[in-house]
Every structure is written in structure tokens, then in C-alpha cells.
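Worksheet: one structure, shown below.
The values are calculated or read from the model by the stated rules, or taken from the named source; none is laboratory data. Computed from a predicted model, the values in this text were never measured in an experiment. Note that we place each Cβ from the backbone using ideal geometry, even for glycine, and neighbour counts take in every protein chain shown. Side chains included, ligands, DNA and RNA excluded: accessible areas come from the protein's heavy atoms. Shrake-Rupley method; radii C 1.70, N 1.55, O 1.52, S 1.80 Å.
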Amino acid sequence: MLGDLVLQKEDHVNAPAFVIRPDAVEETLTLLREEAGFDHLSCVTAQEYEDRFESIYHLRKYDAPQHELGIVVPSPKNNPWNQSASSVFRTADWHEREAYDLVGINYVGHPDLRRILLPDTWQGHPLSLDYDQNKPQIITLQEHENPLQHTLDDNTMFINIGPHHPATHGVLHLKTVLDGEHVVAVDPDIGYLHRCEEQMAQGLNYRYQIMPYPDRWDYASAGLLNEWAYARAAEDLVNIEVPEYAEILRTMGAELCRICAHFLAVGTFALDIYGDFTAIFMYAMRDREIVQSILEDLTGQRMMFNYFRLGGVVWDLPEPRNEFLSKIQTFLDAVPAGIQEYSDLMTSNEIFQLRCVDIGILSPDVARQYGVTGPVARGSGIDYDLRRDDPYGYYPNLDWDVVTKDGCDIYSRFLVRLGEVEQSAKIIQQCVSLLESWPEDDRIIQSNVPRTIKPPADAEIYRAVEAAKGELGIYIRSDGTQQPARFKIRSPCFSNLSTLSEMAEGGLVPDLIAALGSLDIVLGEVDR
């Protein structure tokens, strides 16, 4: 179908990849989207080699995520550029801005190619090979700048919302233009945290050193889900098998983290929209603490779990085993009544409905254009969940359902998260039953993994898991050593946050705050 557009074919571990010219990006991606159904641009990876720069567009299908491919765009060393994909996929807007910011590739035809994580006056590109890591830089204050390039007339006003953590779910700055209380334009300003997680991973070995870091991406609740994203990519890269028993432990731990994440989302959202601290927020923290205690017993840590290992997990269930499983069972028994309590307090509350129903609309077509995943996508009726659609772990052997709602509004996103708590409890219940009856002699928690892991040179892989916020993906390129030559994190929060202007523009300021809360972002993962 692509014919002469393809210069050559590459075989990445996860999918085939096709090399194209820098000036053929728009035509190629349009053909693949319209004719082949590749409607999900999940990630854009930029990197520099000794002789060239390269962009990789990781494509999937929302209706069949196991159908995936890569489009590789090499560009000259002395003039790194390629045609922008933003006219084909809106999500390329932010992804290409990040690639320009950190690696230095110029995306011709991009509607707004400026830095996204670093200040506009920053010198150099931190992930380029010639960047001086030791050179200090002073960033001057740009006074009275209008970052949106919006002409202020008598009816509009530019204001800054944030960056203050309690109001914006992290260190997020919203550059906002208002006409009265109506939002004319909003531009999320990210990059305040400067996590450097990708660069740190590129200086660490696969076997032992990288695994503690994923806990810090979505540090609020999703530690084991983050660890699984790295584990899945690295294990498939070097063909490491995980014992069945360890897969059950992973699956149970991951779903406990998902429940933790959704309880936090529910509680903080109640604060966002009607300031309910004493009831809903504290109820959510109470229930989350029960799960947090279970995870602490399992992993030994409250937040930075570091429980997964390549090939399995670090240890088995804590002793006495029956007492630990009984603690989980007590929590599971209380879930149905707890969900009903949240429903009574929130979903049937008149104020809650006024703030949520038909507010923050995100249609399925727009959500796909922005690469939206997780509860935000499923709240727009997109039936996309990698646990089922790109199976991993023990999920294919368990009975559970993907929760979707077709309201496309804030209310639907909330209902999806409540429904997912019930489904996670259903998954955990089945894991508990399996662990209770598993023969003691077959409780293998790790496969036999070499002490030193050196994938073949130029091996490339993109793998993803269904984290609490959506598709959390990892791209790794090996150079034949113990450390990745390129380590790229695909944050679901990053793509989901890019939709904020679509949901908020034309609405009121309170609707902007509610829409932001409904995305359930964690800036540690956005900035990485």
C-alpha cells in the first residue's frame, strides 16, 4: 500500500517498522490511518545516532491494539528535520514539541513548534549527544509576555492559573484567556518538575538499577503498574519468561495499585468540584489506606515499592500467608457496599450532577485524535484496554469486564473509575483464590535470569501496559551494552492532558477546573 514511500523495512521486536523520507510523513501516516485503520498514534520517539537523527511514530489501532507498526524517519546529522504529523494526528503536536525540546529535531509544518518542558530561552537539547551536562544556564524572567499570542481586547483578560499544587493536581500552570468567566483559550504549561527519568535510565543497567525508578513516575498510586511497563518491555526484549505463579502475584499487586489510584482520583475530584473534605475525600483516603496497608505488607514499602524483578517478583506473600490473604478478603468483602456509598454521596448528588453532566465533552473522534487512553477514553465510549486487547500477565485467564460509558463528559469518566474499582476487586478475588490453592512446591517467584543482560545491538521494542491513567508505554533501543541507548516513556497523562483545551474552551472557569480534575493527571508522570 505504501509503495515507493518505503525506503526499507526494519524488524523491531514488537512490530515491523518502515523507513520513510523526512518529507513523506504526512502522506504515509494519512494512508495508514485512512486505508489501514491505524488510528492511534501512541507515541513519538526521537533519538540521535552518531550519523543521523531519527523519529519513530508508534502506531496502533484502537479496535485491535495488537496490530501495530513503527514509522521510522531518519534525518541528516547537520540538519535534523522531518515533516510534522500534527495535521494527521493531533497528539503529534505535544509529542513533536517534546522531541524538538529534548533532542533537537525540527518538525516542518508544525503549528506551534516551541519548547514544552524547558523554558523558551534554554540553550541546547538535553538528550542530544553533544549537550554539555555541566554548563549552568540562567533563565531570565520574560515580563508581560502573552504566551498564547492572543490579542487582548476590551472584553478579554489573560490570567495565570497555577502553578500551585493543591489547585492543579501537581505543579501545573494554565495560561488562560477569559471573556468574563468564559474560557476563550487555555494552554497547559508543563515541565516544572524536570524529572530526567529517561536520561537516568539510559545511564543504568537493565538487570538491577532501572527497576526502582518507575515507581516515581506516577508516584501517587501506580507504582507496580509502572514497574510492569518497564518489566514487560525489557523481558520481551531479551525473551525472559515469567513463571505463572509470579504472574498471579503481579496481577494482584497491579490491581491493588489501580484501586489506590482510583480512590485518590475520586477523593481529590470531590475537593475540586464542591470542596467536600470531611465526607468524600476522607472516605476515599480511609479506603485507600486499607489498600496501601496491604501493598505495604506485600512489598515492604508504602509508595516506592520496587517489588517487580525482571523474570518475576522479589519475594512471595508475607507470612503468615493465610493472615495476609484474609486481610485482602476482608477488604474485598467491603467493596460493594463502599462503591454504593460513593454512588449515594456523589453520583446522585444534585450539585455533583450540575458540575459534571454534559460538562467537559470529549467526543470519541477527538479523543482518538489526541491519543487518549484509560478511563478518559473509556468515558468517551472507546472500548480500549490493553489488559484484554494486548494480553499480558494473568489477565487472559481471569473473568472480568472492561467498563465503558458513552456520555463523553466528566460524569462518565467518574462512573468508569468507580466501575473499574469493582472490576479490579473481581480480578483480585480470583487471584486470591488461586494463591490460596497453589501447590507449595510450584510457587516459583522468579525465572532464572542472567546476572548480566546485554540485548543485541540495535534491538528495538515498544511495549505498553494498562496503567491506572491509560496506556503506559516504554520504548527501548539497545546498543549491545548493559544500558539502554535510548529509553522513552509514553505517559498516558501527557496525552490526556493535551485535550484540556478541547474540553474547556467555551465553558466557564469552574468547568475548566472540573475538566482538569476529571483527567486525573500526575505531573510527575507528565514531566517524567
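Residue pairs whose Cβ atoms lie under 6 Å apart, separated by 6 or more positions or on different chains, with the first residue in the stretch 91-106 and free of Cβ contacts under 8 Å to residues at least 60 places away in the same chain and the second crowded, with 22+ Cβ neighbours inside 10 Å and aromatic (Phe, Trp, Tyr), are 96/107; 105/53.
Among the residues of the stretch 211-227, those identified as open to solvent by less than 30 Å² (accessible area, probe 1.4 Å) and either touching a residue at least 40 places away in the same chain (Cβ under 8 Å) or among the polar types (S, T, N, Q) (or both) are 211, 215, 217, 218, 220, 221, 222, 223, 224, 225, 226, 227. Filtered by the rule that a residue be modelled with pLDDT of 90 or more, surrounded by fewer than 10 Cβ atoms within 10 Å (Cβ to Cβ) and hydrophobic (A, V, I, L, M, F, W, C), the stretch 126-161 gives no residues.
Residues in the stretch 1-26 that are part of a helix (DSSP H, G or I), of a type outside the set (A, V, I, L, M, F, W, C) and within 28 Å of the chain's Cα centre (by Cα): 22, 26. Please work out which residue is surrounded by the most Cβ atoms within 10 Å (Cβ to Cβ), limiting yourself to the stretch 1-27 and to residues that are under 19 Å from residue 76 (Cβ atoms) and among the β-branched types (Val, Ile, Thr). Here the answer is 25. Does the stretch 59-66 include one or more residues that are outside any loop (DSSP other than H, G, I, E, B), open to solvent by 20 Å² or more (accessible area, probe 1.4 Å) and either touching a strand residue (DSSP E or B) at 6+ places or on another chain (Cβ under 6 Å) or of a type in the set (Phe, Trp, Tyr) (or both)? Within the stretch 59-66, none of the residues are outside any loop (DSSP other than H, G, I, E, B), open to solvent by 20 Å² or more (accessible area, probe 1.4 Å) and either touching a strand residue (DSSP E or B) at 6+ places or on another chain (Cβ under 6 Å) or of a type in the set (Phe, Trp, Tyr) (or both). Scanning the stretch 71-125 for residues that are in a loop (DSSP other than H, G, I, E, B) and either surrounded by 17 or more Cβ atoms within 10 Å (Cβ to Cβ) or in contact with a Leu (Cβ under 8 Å, 6 or more places away or on another chain) (or both) yields a total of 17.
Residues that are in contact (Cβ under 8 Å) with a residue 60 or more places away in the chain, among the aliphatic types (A, V, I, L, M) and open to solvent by less than 80 Å² (accessible area, probe 1.4 Å) were ranked within the stretch 339-360; the one that is nearest to residue 406 (Cα to Cα) is 359. Which number in (1) at positive phi; (2) assigned to a helix (DSSP H, G or I) marks the one condition that residue 396 misses? Residue 396 satisfies every listed condition except (1). Of the residues making up the stretch 418-425, one or more are open to solvent by 30 Å² or more (accessible area, probe 1.4 Å) and out of contact with any strand residue (DSSP E or B) (no Cβ under 9 Å at 6 or more places or on another chain).
For every residue, the table says whether it meets (1) part of a helix (DSSP H, G or I); (2) closer than 23 Å to residue 500 by Cα.
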position: 361; (1), (2): no, yes
position: 387; (1), (2): yes, no
position: 415; (1), (2): yes, yes
position: 435; (1), (2): yes, no
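Could you please find all residues in the stretch 381-398 being closer than 15 Å to residue 231 by Cα, among the small types (Gly, Ala, Ser) and free of Cβ contacts under 8 Å to residues at least 40 places away in the same chain? Once the filter is applied, which keeps residues that are closer than 15 Å to residue 231 by Cα, among the small types (Gly, Ala, Ser) and free of Cβ contacts under 8 Å to residues at least 40 places away in the same chain, the stretch 381-398 yields nothing. Looking at the stretch 453-462, is at least one residue of a type in the set (Gly, Ala, Ser) and open to solvent by less than 10 Å² (accessible area, probe 1.4 Å)? Checking the stretch 453-462: not a single residue is of a type in the set (Gly, Ala, Ser) and open to solvent by less than 10 Å² (accessible area, probe 1.4 Å). Tallying residues that are of a type outside the set (Gly, Ala, Ser) and within 20 Å of the chain's Cα centre (by Cα) within the stretch 336-391 yields 22.
Residues in the stretch 505-527 that are under 16 Å from residue 271 (Cβ atoms), aliphatic (A, V, I, L, M) and not in a loop (DSSP other than H, G, I, E, B): 512, 513, 514, 515, 516, 519.
Just wondering, is there one or more residues in the stretch 28-49 that are within 26 Å of residue 525 (Cα to Cα), of a type in the set (Val, Ile, Thr) and not in a loop (DSSP other than H, G, I, E, B)? Yes: one or more hits.
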